[in-house]
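Student: Have a look at this one before I ask anything.
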Amino acid sequence: MIQHPDFAVDPWAIRETALDFERLAQTESVFALANGHLGLRANLDEGEPFGLPGTYLAGFYETRPLPYAELGYGDPEDSQTVVNVTNGKIIRLTVEDEPFDVRNGKLRAHERVLDLRAGVLRRAAEWVSPTGRPVRVSSTRIVSFTHRSIAAIRYEVEPLDAPVEVVVQSELVTNEALPITEQDPRAPAALESPLASDFFKSGELRAALIHTTKASGLTVAAVMDHRLDGPEGTQTAIASESDLARLTITATAAPGRPLRVTKFVAYGWSGQRSVPALRDEVDAALASAVHTGWEGLLQEQRAFLDMFWEDADIEIDGDAELQQAVRFALFHTVQAGARGEQRLIPAKGLTGPGYDGHTFWDTEAFVLPLLMLTYSRRAAVADALRWRHETLDLARARARSLGLRGAAFPWRTIAGQECSGYWPAGTAAFHINAAIADAVQRYLLLTEDEAFASEAGVELLVETARLWRSLGHHDAEGRFRIDGVTGPDEYSAIADNNVYTNLMAARNLKSAADAIERRPHLAQPLGVDDEEAAGWRTAAEAIFVPYDESRGVHPQAEGFTDHAEWDFEATPPENYPLLLHYPYFELYRKQVVKQADLVMALFYAGEYFTAEEKARDFEFYERLTVRDSSLSACIQAAVAAELGHIELAYDYFAEAALLDLDDLQHDTRDGVHIASLAGACTAAIAGFGGLRDRDGMLSFVPRLPQALTRLALNLRARKTTRLRIEIEPARATYTLLKGEPFDIEHYGEQVTLTAGQSVQRGIPPAKRLDAPTQPPGREPAHRRGTG
């Protein structure tokens, strides 16, 4: 475990009390601010030193050719990479001709605080220049949830001993030089100077830069404005050129007479609108933000988050570090999706360029289910699914190129085209279709949003079902087989009848048939007749689920348990993750699992398994799973808790929640892991809360690990129904905060909840179970509560 030594434990903040140059990139990700549309990495205000500069807009990308030694039919020829757009964060300071640089002079104090309730990043430093002049520098940074195009910074400098001349330079900078990334397939592909200048202008305290990408043809506009509060005689000068705009502010500051600069920055982009139209758009956004004012932006941000925490908070007693971590996880999850508004939610959100800024199945399988349960603005979930619907024609075209019907959604993408040059994933990981369909079905059950169903939801279910029906086939025994696919485990590929894929496909087929049956008026516009819908049901009912009778377990795909076993004893600890030290060919032929796969099926399609099958399957796959993926621990936590391995669930929960705060996979520098963070919250809700949602009925089997004395969950159920569940070691209390009377299950007992009343039920004693074993050296760190 690699912990950041200076993150103080605080229930509502991430606090860094000393500046560690070796961990700059990690902290830039951890302290990043975003709103789903705009994201700012937490680079220091003065721009240097940095780990990895980054300012991102959802869906804004550049294309680059995919290199192939041999291009195969159907292989994508281009990929897409998130672009570091114009940097509006930079505010440089000079104190009597000495630039404020934390590497020079003497840094007497330095603190950064990510305030999870206020939604801002605060920084405070005391610095003595090389000429001996002490100053206090403070800044507060915000990316607004209520003004989606707006970021703002308040920057203040105050001498501590005597008046001193200071110069502040507030900048817009385009085409920043990026560091060369390590040779790691998880790391981003850097693009050199991707933006060509279209327009620049400056005057008074304002400046604008507009650029277009050279290949993808997307145009981005950035504009800044300022409000100054400084000593008498403060002077300003502004200038701009193709890739730089700079406002220079000169003042003689003194103790008690600081120079305060408030900077507002607006961003916008389009692939269709003209430069003048885009310029006017960001000017309007900026005018609105300036009218609201700095204090107004802060008040709106706090009000937004007050509402979010009222709905979504997870309270933990007994482990202060995990209380902090789970709120950090919730905060970054809402930052990733709140204002996406029919754009993608990338795997790293807008906190870094990891995975080239692509979205995967992570969004629908991990992030959206959490937002549905916790976030009052469920329109954000509908927006994310509408983005998939907007790319439906591209998915249909991809299916046709593969000789299939329906839609084949891309494994990794920004704009909707497949961007994976590795065909076992880019072509064969069809389970992304099932994740999208499952998210649609969950959303419709929870919200009964018929407008979304008619405009997008049912068509998504239909086209994904068509893909499965054409991809699979009925064998001589009448079983519906789906052969030659890649399941969730990335250490296996091109297998027949992956259990997770098959069961999720069956659910997709059935939900599509049910959707058409409930809404027959949509059948004709979507070209669905009775025969096609009946074929979906037949395929779902006949889905083949392989089973190894000799071992008494389900192979994660047909024949998996016949593979040679990986030699874990001979694998040194430094050779993890295995993908960086062994060829995929070797991994694919062995019983070794990168991430939960069959165990994913136990969680997402648990109704297909008996309790005894779940227990045997879980124990079997614990011995094989090395968790080289950030998507594994959270699912293992939820299933471990369900099976009664509550302390193991606690260990896995901590691993998922602390993944980025402790940089457990050594790659937080490229951005936080949004799906793992969302999954950690799901581990608390579905693991310790024991929540399962089957066709809209919520059932709970709660139980706490020994270290925790209380867990409280705020959840949203159908439409506007709001629940609160408080779990203690011996009892659970259920309260319906809002909504009509609502039925739940507690350990199989049906309980009717009425608004404003609480119902208590006891928690039966836990059974004593033998703990399953993991591969040598891959056991999760044993967790003890932190008070």
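The values are calculated or read from the model by the stated rules, or taken from the named source; none is laboratory data. A quick note: this is a predicted structure, and the numbers were derived from the prediction, not measured. Every residue, glycine as well, gets a Cβ built from its backbone with ideal geometry; the counts of neighbours run over all protein chains shown. Accessible surface is based on the protein model in full, side chains and every heavy atom, while ligands, DNA and RNA are left aside. Shrake-Rupley method; radii C 1.70, N 1.55, O 1.52, S 1.80 Å.
This table checks each residue for (1) under 15 Å from the mean Cα position of the chain (by Cα); (2) more than 22 Å from Leu40 (Cα to Cα).
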position: Val290; (1), (2): no, no
position: Leu305; (1), (2): no, no
position: Glu315; (1), (2): no, yes
position: Gln323; (1), (2): no, yes
position: Thr351; (1), (2): yes, no
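Student: Which numbered condition in (1) surrounded by fewer than 24 Cβ atoms within 10 Å (Cβ to Cβ); (2) at pLDDT below 95; (3) over 21 Å from Arg343 (Cβ atoms) is the only one that Ala380 fails?
Tutor: Ala380 satisfies all of (1) surrounded by fewer than 24 Cβ atoms within 10 Å (Cβ to Cβ); (2) at pLDDT below 95; (3) over 21 Å from Arg343 (Cβ atoms) except (3).
Student: Still on this structure: For Ser376, only one of the following conditions fails: (1) among the small types (Gly, Ala, Ser); (2) without any contact (Cβ under 8 Å) to a residue 24 or more places away in the chain; (3) in a loop (DSSP other than H, G, I, E, B). What is its number?
Tutor: Unmet condition: (2).
Student: I'd like the full set of residues that are of a type in the set (S, T, N, Q), more than 31 Å from the chain's Cα centre (by Cα) and not in a loop (DSSP other than H, G, I, E, B), limited to region 560-589.
Tutor: Answer for region 560-589, where residues must be of a type in the set (S, T, N, Q), more than 31 Å from the chain's Cα centre (by Cα) and not in a loop (DSSP other than H, G, I, E, B): just Thr561.
Student: Looking only at region 739-765, count every residue that is outside any loop (DSSP other than H, G, I, E, B), within 21 Å of Glu310 (Cα to Cα) and out of contact with any Ser or Thr (no Cβ under 6 Å at 6 or more places or on another chain) and tell me the total.
Tutor: So the first thing to find is which residues in region 739-765 are outside any loop (DSSP other than H, G, I, E, B), and the list is 742-746, 749-753, 755, 758-762.
Filter once more, so that each one left must be within 21 Å of Glu310 (Cα to Cα): 742, 753, 755, 758-759.
Those still in the list that are out of contact with any Ser or Thr (no Cβ under 6 Å at 6 or more places or on another chain) too: 753, 755, 759.
The total comes to 3.
Student: How do the pairs read when you match residues in region 250-278 that are touching a residue at least 60 places away in the same chain (Cβ under 8 Å) and under 19 Å from Gly293 (Cβ atoms) with residues anywhere that are open to solvent by less than 10 Å² (accessible area, probe 1.4 Å) and in a loop (DSSP other than H, G, I, E, B), using Cβ under 6 Å and keeping only pairs 6 or more apart or on different chains?
Tutor: Matching pairs, first to second residue: Val265/Gly88.
Student: May I pose another question? What are the pairs with Cβ atoms under 9 angstrom where one residue, in region 501-512, is under 12 Å from Ala539 (Cβ atoms) and surrounded by fewer than 24 Cβ atoms within 10 Å (Cβ to Cβ) and the other, located anywhere, is modelled with pLDDT of 95 or more and of a type in the set (A, V, I, L, M)? Sequence gap at least six, or different chains.
Tutor: Final answer for the pair search is Arg507/Ala434; Arg507/Ala437; Arg507/Ala540; Arg507/Ala605; Lys510/Ala465; Lys510/Ala540.
Student: Another question, then. Are there any pairs, at least 6 apart or on different chains, whose C-beta atoms fall under 9 Å, with the first in region 710-725 and under 18 Å from Asp319 (Cα atoms) and in contact (Cβ under 8 Å) with a residue 24 or more places away in the chain and the second open to solvent by 40 Å² or more (accessible area, probe 1.4 Å) and not in a strand (DSSP E or B), and if so, which?
Tutor: Close Cβ pairs satisfying both conditions: Arg710/Glu728; Arg710/Pro729; Leu711/Glu728.
Student: If we only count strands (runs of 3 or more DSSP E) wholly inside region 633-738, which ones have 1 or more residues that are polar (S, T, N, Q) and more than 21 Å from the chain's Cα centre (by Cα)?
Tutor: It comes to 697-700, 731-738.
Student: Thr733 passes all but one of (1) touching a Pro at 6+ places or on another chain (Cβ under 7 Å); (2) farther than 17 Å from Ala649 by Cβ; (3) among the β-branched types (Val, Ile, Thr); which number fails?
Tutor: Among (1) touching a Pro at 6+ places or on another chain (Cβ under 7 Å); (2) farther than 17 Å from Ala649 by Cβ; (3) among the β-branched types (Val, Ile, Thr), Thr733 violates only (1).
Student: Has region 19-37 got any residue that is in contact with a Gly (Cβ under 7 Å, 6 or more places away or on another chain), of a type in the set (Ser, Thr, Tyr), outside any loop (DSSP other than H, G, I, E, B) and open to solvent by less than 50 Å² (accessible area, probe 1.4 Å)?
Tutor: Checked region 19-37: at least one residue is in contact with a Gly (Cβ under 7 Å, 6 or more places away or on another chain), of a type in the set (Ser, Thr, Tyr), outside any loop (DSSP other than H, G, I, E, B) and open to solvent by less than 50 Å² (accessible area, probe 1.4 Å).
Student: Determine if region 667-687 includes at least one residue that is surrounded by fewer than 20 Cβ atoms within 10 Å (Cβ to Cβ), under 29 Å from Ala13 (Cβ atoms) and touching a Pro at 6+ places or on another chain (Cβ under 9 Å).
Tutor: Checking region 667-687: not a single residue is surrounded by fewer than 20 Cβ atoms within 10 Å (Cβ to Cβ), under 29 Å from Ala13 (Cβ atoms) and touching a Pro at 6+ places or on another chain (Cβ under 9 Å).
Student: Could you please find all residues in region 564-591 being surrounded by 15 or more Cβ atoms within 10 Å (Cβ to Cβ) and closer than 30 Å to Leu471 by Cα?
Tutor: Of everything in region 564-591, those that are surrounded by 15 or more Cβ atoms within 10 Å (Cβ to Cβ) and closer than 30 Å to Leu471 by Cα turn out to be Leu579, Tyr584, Leu587, Tyr588, Lys590, Gln591.
Student: Could you list all residues from region 605-632 that are open to solvent by 10 Å² or more (accessible area, probe 1.4 Å) and in a helix (DSSP H, G or I)?
Tutor: Those that are open to solvent by 10 Å² or more (accessible area, probe 1.4 Å) and in a helix (DSSP H, G or I): Glu607, Tyr608, Ala611, Glu612, Glu613, Lys614, Ala615, Arg616, Glu619, Phe620.
Student: Of all residues in region 754-776, which are of a type in the set (Ser, Thr, Tyr) and touching a strand residue (DSSP E or B) at 6+ places or on another chain (Cβ under 8 Å)?
Tutor: Answer for region 754-776, where residues must be of a type in the set (Ser, Thr, Tyr) and touching a strand residue (DSSP E or B) at 6+ places or on another chain (Cβ under 8 Å): Thr754, Ser758.
Student: Further question on the same structure: When region 85-98 is examined, which residues are found to be open to solvent by less than 20 Å² (accessible area, probe 1.4 Å) and either touching a Ser or Thr at 6+ places or on another chain (Cβ under 8 Å) or within 19 Å of Pro194 (Cα to Cα) (or both)? Quick ask: steps written out before the conclusion?
Tutor: Narrowing region 85-98 to residues open to solvent by less than 20 Å² (accessible area, probe 1.4 Å): 85-91, 93, 95.
Scanning region 85-98 gives Val85, Thr86, Asn87, Gly88, Lys89, Ile90, Ile91, Val95.
Student: Another question, then. Here are Gln299, Gln335: which of them is in a helix (DSSP H, G or I), among the polar types (S, T, N, Q) and open to solvent by 40 Å² or more (accessible area, probe 1.4 Å)?
Tutor: Only one candidate passes the filter, namely Gln299.
Student: Quick check: is even one residue across region 154-172 within 22 Å of Glu28 (Cβ to Cβ), within 27 Å of the chain's Cα centre (by Cα) and either at pLDDT below 95 or open to solvent by less than 50 Å² (accessible area, probe 1.4 Å) (or both)?
Tutor: Scanning region 154-172, I find no residue that is within 22 Å of Glu28 (Cβ to Cβ), within 27 Å of the chain's Cα centre (by Cα) and either at pLDDT below 95 or open to solvent by less than 50 Å² (accessible area, probe 1.4 Å) (or both), so the answer is no.
Student: Tell me which residues, restricted to region 250-271, are surrounded by fewer than 20 Cβ atoms within 10 Å (Cβ to Cβ), part of a loop (DSSP other than H, G, I, E, B) and over 28 Å from the mean Cα position of the chain (by Cα).
Tutor: If the condition is that a residue be surrounded by fewer than 20 Cβ atoms within 10 Å (Cβ to Cβ), part of a loop (DSSP other than H, G, I, E, B) and over 28 Å from the mean Cα position of the chain (by Cα), then Pro255, Gly256 are the ones that fit.
Student: Count, please, the residues in region 465-510 that happen to be among the hydrophobic types (A, V, I, L, M, F, W, C), over 20 Å from Ala534 (Cβ atoms) and not in a strand (DSSP E or B).
Tutor: Of the residues in that region, 6 qualify.
Student: Sticking with this structure for a sec: Any residue that is open to solvent by 10 Å² or more (accessible area, probe 1.4 Å), part of a helix (DSSP H, G or I), within 16 Å of Ile142 (Cβ to Cβ) and not aromatic (Phe, Trp, Tyr) - is there at least one of those in region 306-316?
Tutor: So far as region 306-316 goes, yes, one or more of its residues are open to solvent by 10 Å² or more (accessible area, probe 1.4 Å), part of a helix (DSSP H, G or I), within 16 Å of Ile142 (Cβ to Cβ) and not aromatic (Phe, Trp, Tyr).
Student: Counting only residues that are touching a Gly at 6+ places or on another chain (Cβ under 9 Å), part of a helix (DSSP H, G or I), among the hydrophobic types (A, V, I, L, M, F, W, C) and surrounded by fewer than 24 Cβ atoms within 10 Å (Cβ to Cβ), how many does region 417-450 have?
Tutor: 4
Student: Then there is this: Just the residues that are surrounded by fewer than 24 Cβ atoms within 10 Å (Cβ to Cβ) and touching a residue at least 60 places away in the same chain (Cβ under 8 Å), please, taken from region 8-18.
Tutor: Val9, Asp10, Pro11, Trp12, Ala13, Arg15, Glu16, Thr17, Ala18
Student: Right, Ala284: surrounded by fewer than 16 Cβ atoms within 10 Å (Cβ to Cβ), touching a residue at least 12 places away in the same chain (Cβ under 8 Å), under 18 Å from Gly88 (Cβ atoms) and not β-branched (Val, Ile, Thr) or not?
Tutor: On the way: surrounded by fewer than 16 Cβ atoms within 10 Å (Cβ to Cβ): yes; touching a residue at least 12 places away in the same chain (Cβ under 8 Å): no; under 18 Å from Gly88 (Cβ atoms): yes; not β-branched (Val, Ile, Thr): yes.
No, not satisfied.
Student: Take region 101-122 and flag every residue that is among the β-branched types (Val, Ile, Thr), closer than 18 Å to Phe50 by Cα and crowded, with 19+ Cβ neighbours inside 10 Å. Working first, answer last.
Tutor: Here is the first cut: in region 101-122, the ones among the β-branched types (Val, Ile, Thr) are 102, 113, 120.
With the extra rule that they be closer than 18 Å to Phe50 by Cα, the set shrinks to 102, 113.
Selection gives Val113 alone.
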